[in-house]
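Just below is one structure, and these are the notes that go with it.
The values are calculated or read from the model by the stated rules, or taken from the named source; none is laboratory data. All values reported here derive from a predicted model rather than from experimental measurement. Glycine also receives a Cβ, built like all others from the backbone with ideal geometry; neighbour counts cover every protein chain displayed. The accessibility values were calculated without ligands, DNA or RNA, using every heavy atom of the protein model including side chains. Shrake-Rupley method; radii C 1.70, N 1.55, O 1.52, S 1.80 Å.
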Amino acid sequence: MTTAPARVEAAEVAEVKRRRPIGEVIAGHGVELRPQGGRLAGRCPFHEDRSPSMVVYPETQSYYCFGCGAGGDAIDFVRRAGGLGFREALARLRQEAGAAPGVPAAPRVHRRPAPQPLSLDDRVMLAAACELYHETLGETPEALRYLEERGIPPWLQRARRLGVSDGSRLVPYLKRRRLSLRRARELGLLSGSGDEAMSGRLVIPDLRGAHCGWMVGRALSGGRTPKYRALSLARPLLGHDRRWRRVFLTEGPFDWLTLTAWGLPACALLGTHAGGGVLRQLDRARSVVLVMDSDDPGREAAARLQQTLGERARVLELPEGASDVNELAMQPGGREAFFRLLDAERDGRHGTR
């Protein structure tokens with residue numbers, strides 16, 4: 001009888017891995033993965049990786065970094081990235097996959113399970129973190145300078161509730177409100193050690209109306225890894241509104257903020273990897289303008305997305321000397337150059353009809 005729990009746990013692990021492919025898990029932690037034959041390659045978030053040293057093997061659901069030696073399966077990756085124990089990492093992946101604890105559900109071939117809805121306490125914690133970080137932004141000159149250097153205007157900082165975590169405010173708030181620190185760890189607000197996961201990071205929330213449902217943090221210090229850290233909830237198209245009929249799709253959050261500041265209906269893919277669940281969020285859009293980075297991974301991602309989305313997708317290639325939209329915005333006349341490209345793309349599209 002002593003083997004029954006082990007069998008249940010092994011079956012549960014196998015089901016969670018099936019529902020959460022390792023490529024999606026790693027991409028959800030801000031790692032840009034590039035197809036390389038039957039594998040995926042990217043920069044390892046666990047050391048200063050100047051070239052893509054980490055290889056992901058979808059066939060065996062495993063990864064290995066030839067730079068630092070880190071490797072394992074999706075659970076090992078989440079454990080290392082979040083400083084979690086095995087059961088905490090499994091619970092986080094299970095929550096992302098929408099799988100119930102214990103004996104796994106029967107396989108579903110045609111439809112992915114819907115993510116579990118957030119509870120009232122979950123929403124309170126996310127709203128509190130969003131507002132605490134936004135308040136802290138106004139008291140953090142380093143973060144304000146960074147946003148100014150990236151060309152993000154103050155009005156947009158307020159409208160999108162951008163923030164920064166100094167690592168000292170969220171835990172006391174949760175304790176005062178008697179909210180579950182364990183649940184905060186499961187959501188990804190706290191690390192396995194109980195510290196704020198977003199500490200030392202500029203925080204960009206995903207808002208639906210006035211409600212925060214997700215957030216990603218960008219390291220302000222170049223020595224902090226990984227560069228981007230997100231909550232453990234399902235990754236959205238950052239800033240997307242399903243009512244839009246025309247959408248500008250970017251790679252990174254600062255490209256999204258740039259286009260939003262320019263008055264365009266934009267959202268961010270947050271990397272170059274797009275699963276079916278992410279792309280289904282674009283099912284109502286009649287036109288998708290792909291504004292990906294101008295490096296090889298960005299071009300390859302744009303080509304894949306165009307092929308997947310079909311005739312409604314158009315690729316907008318950035319001018320030489322600009323690696324992404326935000327970098328273009330920092331150049332003299334960058335905004336005007338972008339809209340000239342947009343006009344030319346529109347004229348060319350109409351001319352072919």
Checklist entry - Since residue 3 meets every condition but one in (1) at pLDDT 85 or above; (2) open to solvent by 30 Å² or more (accessible area, probe 1.4 Å), which condition does it not meet? => result (1)
Checklist entry - Would you pick out the residues in the stretch 59-78 that are of a type in the set (Val, Ile, Thr) and surrounded by 15 or more Cβ atoms within 10 Å (Cβ to Cβ)? => result 75, 78
Item to check | Given (1) free of Cβ contacts under 8 Å to residues at least 60 places away in the same chain; (2) in contact with an Asp or Glu (Cβ under 9 Å, 6 or more places away or on another chain); (3) open to solvent by 40 Å² or more (accessible area, probe 1.4 Å), number of the condition residue 247 does not satisfy | outcome: (3)
Item to check | Test: residue in the stretch 232-241 that is farther than 25 Å from residue 283 by Cβ and open to solvent by 10 Å² or more (accessible area, probe 1.4 Å) | outcome: no
Item to check | Scope the stretch 187-216; condition under 15 Å from residue 140 (Cα atoms), in a strand (DSSP E or B) and of a type outside the set (Val, Ile, Thr); matching residues | outcome: 199, 201, 202
Checklist entry - Considering the stretch 294-303 alone, what residues qualify as being touching a residue at least 40 places away in the same chain (Cβ under 8 Å) and surrounded by fewer than 17 Cβ atoms within 10 Å (Cβ to Cβ)? => result 296, 300
Checklist entry - Does the stretch 18-58 hold any residues that are under 22 Å from residue 96 (Cα atoms), open to solvent by 70 Å² or more (accessible area, probe 1.4 Å) and acidic (Asp, Glu), and which are they? => result 32
Checklist entry - Considering only the stretch 250-278, how many residues are open to solvent by less than 30 Å² (accessible area, probe 1.4 Å) and on the phi > 0 side of the Ramachandran plot? => result 2
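Condition check ((1) closer than 17 Å to residue 28 by Cα; (2) among the hydrophobic types (A, V, I, L, M, F, W, C); (3) in contact with a Cys (Cβ under 9 Å, 6 or more places away or on another chain); (4) in contact (Cβ under 8 Å) with a residue 12 or more places away in the chain) across all residues:
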position: 255; (1), (2), (3), (4): no, no, no, yes
position: 258; (1), (2), (3), (4): no, no, no, yes
position: 262; (1), (2), (3), (4): no, yes, no, yes
position: 266; (1), (2), (3), (4): no, yes, no, yes
position: 269; (1), (2), (3), (4): yes, yes, no, yes
position: 272; (1), (2), (3), (4): yes, no, no, yes
position: 279; (1), (2), (3), (4): yes, yes, no, yes
position: 284; (1), (2), (3), (4): no, no, no, yes
position: 292; (1), (2), (3), (4): no, yes, no, yes
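Can you report the number of residues in the stretch 18-76 which are charged (D, E, K, R) and in a loop (DSSP other than H, G, I, E, B)?
8
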Next on the checklist: Please list, ordered by residue number, the helices (runs of 4 or more DSSP H) wholly in the stretch 89-186 having 1 or more residues that are farther than 30 Å from residue 325 by Cβ and modelled with pLDDT of 85 or more.
Outcome noted: 120-137, 170-176
